[in-house]
Amino acid sequence: MRLSLRLYLLAMAAPAAAVAMLLLRLPSHTQADPILAAVLVGLGAIAANFPVMVTKSYKADATPAIELAIVVVFPPAAAVALIGLSRLIGEGALCIRRNPATGTRRRIPIDLVFNAGQLMVAAAAGAVIFQGVAAAMRDADGAGLFLAATAAAVAMYVVNTTLVVVAAALNTQRSPFQVWAEAAGVDLKQTAALYSAGYLLAVISGDHPWLALVMMAPLAGLQLSLKRAVQMREQTLAAVESMADVVDRRDPYTFQHSQSVASHSVRIARQMHLPEREVELIRLAARVHDLGKIAVPDQVLHKHGRLTDEEFALMKMHPETGAEILAKFPEYRQGRELVLAHHERIDGRGYPRGLSGTAIPLGARIMAVADAWDAMTSDRPYRAALEQSVALAELMRGRGTQWDAEAVDAFAATLPGAVLEPARHTGIAAPVLRSLGAVAGILSS
């Protein structure tokens with residue numbers, strides 16, 4: 001763990017303690033119900049132990065609902081203390097539990113300190129805003145309470161997300177704004193639904209603490225629906241990728257081709273400093289970029305010699321076929337455009353639409369370079385794998401004509417010992433290989 005990140009995580013205890021002390025000085029006109037407090041603290045601790053892995057770097061649980069309910073029902077000082085206590089109990093249990101797959105503890109103490117601290121700070125902001133808005137609109141009855149709760153939820157979300165995003169940015173050395181945009185795209189709707197459930201929880205449990213237990217059912221339902229949605233997405237992606245692997249296995253020379261293209265594409269995208277969300281989109285598309293070859297006859301796919309015009313026309317249909325298949329899956333709503341365009345050329349001489357320059361999606365331009373590299377450096381029926389130096393020279397020959405110049409340079413920069421001399425290759429005619437990723441034969445342009 002980076003020193004800057006470690007210091008930031010530990011430092012979160014200071015503002016948490018400070019806001020708790022300051023809130024103790026505020027006058028309180030209501031008494032905290034100990035039974036309701038115990039129920040909500042227990043529910044929050046339990047919810048913290050059942051997060052759902054939404055993405056590789058993001059987990060979600062049902063605690064936002066319980067935290068908003070606590071802010072609405074209890075005075076500010078009590079709300080901050082209860083939320084901190086709930087998180088300490090929940091995270092403490094995670095520090096003891098071990099991951100059965102890896103044997104490592106699910107949390108480390110420094111995570112406990114940060115998570116409890118940042119939630120207390122967020123709760124303080126939400127509690128103060130709730131009390132202020134509710135006092136200003138006390139004549140508005142239920143509408144005023146709802147608006148106050150909404151304002152508190154927004155404040156809690158913004159503060160919580162900001163503090164977590166800063167930690168993530170320190171850990172990954174990326175822009176906090178970039179991390180924020182990715183996080184909001186993943187969790188905004190889920191968190192809004194949880195805050196709505198939290199408001200309902202506060203309303204029904206204010207006078208009848210044990211009714212809070214009834215809300216476990218809808219909260220568990222929200223959690224389960226998220227888990228099922230994540231599982232469905234993972235299963236869909238796995239099924240489509242298995243289909244792509246079957247296509248690769250039809251030809252022993254292209255075994256694991258899609259996996260290699262995906263790996264190279266990720267390297268290029270990261271070298272170009274693209275957002276992680278876009279990197280993942282490119283990886284998913286690259287992983288299934290040749291899916292449309294499922295409709296290409298074996299005699300064309302496995303042909304050792306030059307393709308006839310009719311056979312080449314069949315081969316050129318595979319990007320469209322792949323995009324049509326992927327259109328049936330919401331998970332590939334954006335990625336299918338990259339699949340459709342991965343055989344386009346910068347000079348407009350590609351297929352299927354003859355796009356040129358920046359009209360070709362950036363992800364498709366990256367995939368084209370990765371596809372060409374893997375084709376050149378792998379054995380084919382008509383030739384042995386090219387040496388890396390030869391393949392790189394071929395990419396540089398087509399830099400700016402067949403392939404995107406920035407993508408070629410980014411890929412070359414990931415190769416150990418590669419020396420870039422882009423000026424020497426500018427304006428060179430198209431390379432000898434007419435279609436490196438799709439055509440089983442060396443054809444002149």
Single match in Ala202, Ala184, Ala193 (criterion: farther than 24 Å from Phe74 by Cα, in the same structural domain as Ala69 (by TED's automatic domain parsing) and not hydroxyl-bearing (Ser, Thr, Tyr)):
Ala184
Test for Leu340: is it at pLDDT 95 or above, part of a helix (DSSP H, G or I) and under 28 Å from Arg270 (Cβ atoms)
yes
Return only the number of the condition from (1) closer than 29 Å to Val71 by Cα; (2) part of a helix (DSSP H, G or I) that Asp207 does not satisfy.
(2)
Going through the range 304-327 one residue at a time, which ones are hydrophobic (A, V, I, L, M, F, W, C), in a helix (DSSP H, G or I) and exposed (fewer than 15 other Cβ atoms within 10 Å of the Cβ)?
Ala313
I'm trying to understand the selection: among the residues of the range 328-357, which are surrounded by fewer than 24 Cβ atoms within 10 Å (Cβ to Cβ) and of a type in the set (D, E, K, R)?
Lys328, Glu331, Arg333, Arg336, Glu337, Arg345, Asp347, Arg349, Arg353
Determine whether Thr191 is surrounded by fewer than 16 Cβ atoms within 10 Å (Cβ to Cβ) and of a type in the set (Val, Ile, Thr).
no
Which ones in the range 280-303 are assigned to a loop (DSSP other than H, G, I, E, B) and either without any contact (Cβ under 8 Å) to a residue 40 or more places away in the chain or buried (at least 23 other Cβ atoms within 10 Å of the Cβ) (or both)?
Val288, His289, Asp290, Val296, Pro297
If Val54 satisfies all but one of (1) assigned to a helix (DSSP H, G or I); (2) modelled with pLDDT under 90; (3) of a type outside the set (Phe, Trp, Tyr); (4) surrounded by 16 or more Cβ atoms within 10 Å (Cβ to Cβ), what's the number of the condition it fails?
(1)
Applying the selection to the range 351-361, what residues are within 21 Å of Met272 (Cβ to Cβ) and touching a residue at least 24 places away in the same chain (Cβ under 8 Å)?
Ile360, Pro361
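The values are calculated or read from the model by the stated rules, or taken from the named source; none is laboratory data. As the structure is a prediction and not an experimental result, all values here were calculated from the model. Backbone-built Cβ (ideal geometry, glycine too); neighbour counts: all protein chains shown.
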